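Novice: One structure, pasted below without further comment.
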Amino acid sequence: MPTSLEEVIVKNVVTSIPEYAFNNNKSLSKITLPSGITAISKYAFNGCANLKDIAIPDSVLTIDKCAFKKCSSLMGITIPNSVTNIGDNAFQNCSGLTNVTMSNSVTDIGSSSFFGCSELSCITIPNSISSIGGRVFEYCGKLRAINFEGTIEQWNAVTKNEIWSYGAPSSCQIVCTDGTISL
């Protein structure tokens, strides 16, 4: 794939974004994905440092390993209802990312998914979550709130890697529907 493309419109015949499809395309700033895409494969947008805007269609089931790693110009992302799995390192070093909202079908957040998202201040996690990997928020120095859309009891029932919060600011709070927990 050429590394100087600035804007791409993916046609409806594509069902997944292949591995390494736009890897290290430093010029890409906007991409339009059609409904019908079911997967964003590993390293698909890795290193697309100028990618500012992407709407993930409701048909996507999986955001694979390192899919958006080093997309430092992404500022906010909404994970649609169809996505169940966010792969390891999926948004690692997206240093411009300030907020993330996950819809109600996400069940697994992979290890280091948001590692190095230095501007991330707020993330919303649905009560559908069943597991959280290790070092998810390491080097997220501005993270102040993890908004969990469930109760404290539901949060405590989530399987979390023993180092899931390693490196997250100790001032970060987990805001549940019935109270707040400190890290």
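The values are calculated or read from the model by the stated rules, or taken from the named source; none is laboratory data. Small disclaimer: the values here were computed from a predicted structure and weren't measured. Positions of Cβ are generated from backbone atoms using ideal geometry, with glycine treated the same way; all protein chains shown enter the neighbour counts. Heads up: the accessible areas ignore ligands, DNA and RNA and are worked out on the full protein's heavy atoms, side chains in. Shrake-Rupley method; radii C 1.70, N 1.55, O 1.52, S 1.80 Å.
Novice: Give me log10 I(q)/I(0) at q = 0.17 Å⁻¹ for region 92-147, Debye formula, one equal scatterer per alpha-carbon, no solvent.
Specialist: Each listed q corresponds, in turn, to -0.48.
Novice: Still on this structure, please answer the following. Could you compute how much accessible surface Ser59 exposes when probed at 1.4 Å, giving the result in Å² to the nearest 10?
Specialist: Probe radius 1.4 Å; accessible area of Ser59 about 30 Å².
Novice: If N is the number of residues in region 118-167, what value comes out of its Cα radius of gyration divided by 2.2 N^0.38 Å?
Specialist: Dividing the Cα Rg of region 118-167 by 2.2 N^0.38 Å gives 1.12.
Novice: If you project the alpha carbons of region 87-183 onto their three principal axes, what span does each projection cover, largest first, in Å?
Specialist: That gives 31, 25, 24 Å along the principal axes, largest extent first.
Novice: Given Thr84, Pro169, Met102, which one lies farthest toward the positive end of the charge dipole of the chain, if we put +1 on the Cβ of every Lys and Arg and -1 on the Cβ of every Asp and Glu?
Specialist: Value computed over the given set: Pro169.
Novice: On to the next question. Report the one residue of Thr124, Asn24, Ala55 whose Cα lies farthest in the direction of the positive end of the charge dipole of the chain (charges on C-beta: Lys and Arg +1, Asp and Glu -1; origin at the Cα centre).
Specialist: Farthest along the dipole direction, towards plus: Asn24.
Novice: Here's another thing I want to ask about it. Work out Dmax and Rg for region 35-91 from the C-alpha atoms and quote the Rg first, both in angstrom.
Specialist: Both quantities, over Cα of region 35-91: 10.4, 27 Å.
Novice: Between Lys142 and Lys30, with labels modelled 7 Å along Cα→Cβ, what's the label distance in nm to one decimal, could you check?
Specialist: 2.4 nm
Novice: Lysines within cross-link reach of Lys26: Cα-Cα under 28 Å, excluding same-chain residues under 8 positions apart?
Specialist: Lys11, Lys42, Lys52, Lys65, Lys69, Lys70, Lys142
Novice: Wrap a convex hull around the Cα atoms of region 140-183, take a quarter of its surface area, and give that in square nanometres.
Specialist: 2.9 nm²
Novice: With the crude spin-label approximation of a point 7 Å out along Cα→Cβ, what separation in nm comes out for Ser73 versus Glu153?
Specialist: Taking the simple label geometry, Ser73 and Glu153 are separated by 4.8 nm.
Novice: Would you report the distance distribution of C-alpha pairs in region 26-167 as whole percents per 5 angstrom bin, up to the bin with the largest distance?
Specialist: 2, 11, 20, 27, 22, 12, 5, 1, 0, 0
Novice: Follow-up. For q values of 0.22, 0.30 Å⁻¹, compute log₁₀ I(q)/I(0) with the Debye formula on a Cα-only model of region 68-119, without solvent.
Specialist: At q = 0.22, 0.30 Å⁻¹ the computed log10 ratios are -0.74, -1.16.
Novice: Okay, next question. For the chain, with only Lys/Arg (+1) and Asp/Glu (-1) charged at the beta-carbon, what is the dipole magnitude about the Cα centre, in debye rounded to 20? Let's see the in-between values first.
Specialist: On the way: 12 positive and 14 negative charges, 93 e Å.
With only Lys, Arg, Asp and Glu charged at Cβ, the dipole is about 440 debye.
Novice: Sticking with this one: Given points 7 Å out from each Cα along the Cα-Cβ axis, report the Ile163 to Thr38 separation in nanometres with one decimal.
Specialist: 3.5 nm
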